[in-house]
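Worksheet: one structure, shown below.
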Amino acid sequence: MTHRPVPSEYKSYYEGFVSSAGDDPIAQLEQQIVAFEMARGLDESAASTPPAPGEWTLKEVLVHLCDFERMFSYRALRFSRGDATPVEAFEQDTYVATSGANRRPLSEIVDELVSLRRATILLARSLSEEMLDRAGLAGGHPVTVRALIFITPGHSEGHLADLRRDHRELR
């Protein structure tokens, strides 16, 4: 990618995610796989217990990352292919609450996330500069494919920081 997205390429809500993305978002996407894999060794009970009342468990965070990965890759695919049909926002809290994450084996969730991330990387590598410049409406706001590729690792960085804070084994 020749340049970072500018603020007009995404909703201001995503500024923190874009700022948390490095200059090479594809390399960052790859590096984050290592952090995801580290979660595999955690105790099932600890991974199913929220760090504080009202917070998501580690399993719920990882399933949320799966949902986010799917949603934002789907947007990137659609918009990169010239499909400008508006895409609705998704309500992350409802998705997590109904995901059943805490009933699933942690290793299965990690496998799913790593597989999705590898697919995201392959998609990102396949995009030309022309495709990266294409845009569509997501949740009622314009966003370029380039911005979506930067938002994805930036979003994960925030959750990984929280997980490292709450689970010393991930540090």
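If the viscosity is 0.890 mPa s and the temperature 25 °C, what translational diffusion coefficient in µm²/s does Stokes-Einstein give for the stretch 50-97 when Rh comes from Kirkwood over Cα pairs?
Once the numbers are plugged in, D ends up at 201 µm²/s.
Using the per-residue mean of other Cβ atoms lying within 10 Å as a proxy for protection, in what order, highest first, do the peptides 47-55, 63-71 fall?
Descending mean neighbour count gives 63-71, 47-55.
Within 12 Å, Cβ to Cβ, of residue 38, how many net charges do the neighbouring residues add up to if Lys/Arg are +1 and Asp/Glu are -1?
With Lys, Arg at +1 and Asp, Glu at -1, the net is +2.
Just the accessible area per residue of the chain, please: how many Å² with a 1.4 Å probe?
Solvent-accessible surface per residue comes out at 49 Å².
Ratio of the stretch 66-157's C-alpha Rg to 2.2 N^0.38 Å, to two decimals?
1.14
Can you give the calculated 222 nm mean residue ellipticity of the chain, where each DSSP H run of n ≥ 4 adds -39,500 (n - 2.57) and the sum is split over every residue, rounded to the nearest 500 deg cm²/dmol?
-18500 deg cm²/dmol
Please list the radius of gyration and Dmax for the stretch 1-80, considering alpha-carbon atoms only, with Å as the unit.
15.5, 44
Using a Förster radius of 25 Å, what is the FRET efficiency between residue 115 and residue 88 based on their Cβ-Cβ separation? Nearest 0.05, please.
That gives a FRET efficiency of 0.50.
Percent relative contact order of the chain, based on C-alpha pairs within less than 8 angstrom and at least six residues apart?
41 percent
What fraction of the Cα pairs in the chain, stated in percent, has a spacing above 28 angstrom?
21 percent
Considering only protein heavy atoms and a probe of 1.4 Å, how much of the accessible area of the chain is carbon and sulfur, as a whole percent?
Reported share for carbon and sulfur atoms: 53 percent.
The values are calculated or read from the model by the stated rules, or taken from the named source; none is laboratory data. Just so it is clear, the model here is predicted, and its values are computed rather than measured. Every residue, glycine among them, receives a Cβ derived from its backbone with ideal geometry; neighbour counts consider all protein chains shown. Keep in mind that these areas ignore ligands, DNA and RNA; they rest on the heavy atoms of the full protein, side chains included. Shrake-Rupley method; radii C 1.70, N 1.55, O 1.52, S 1.80 Å.
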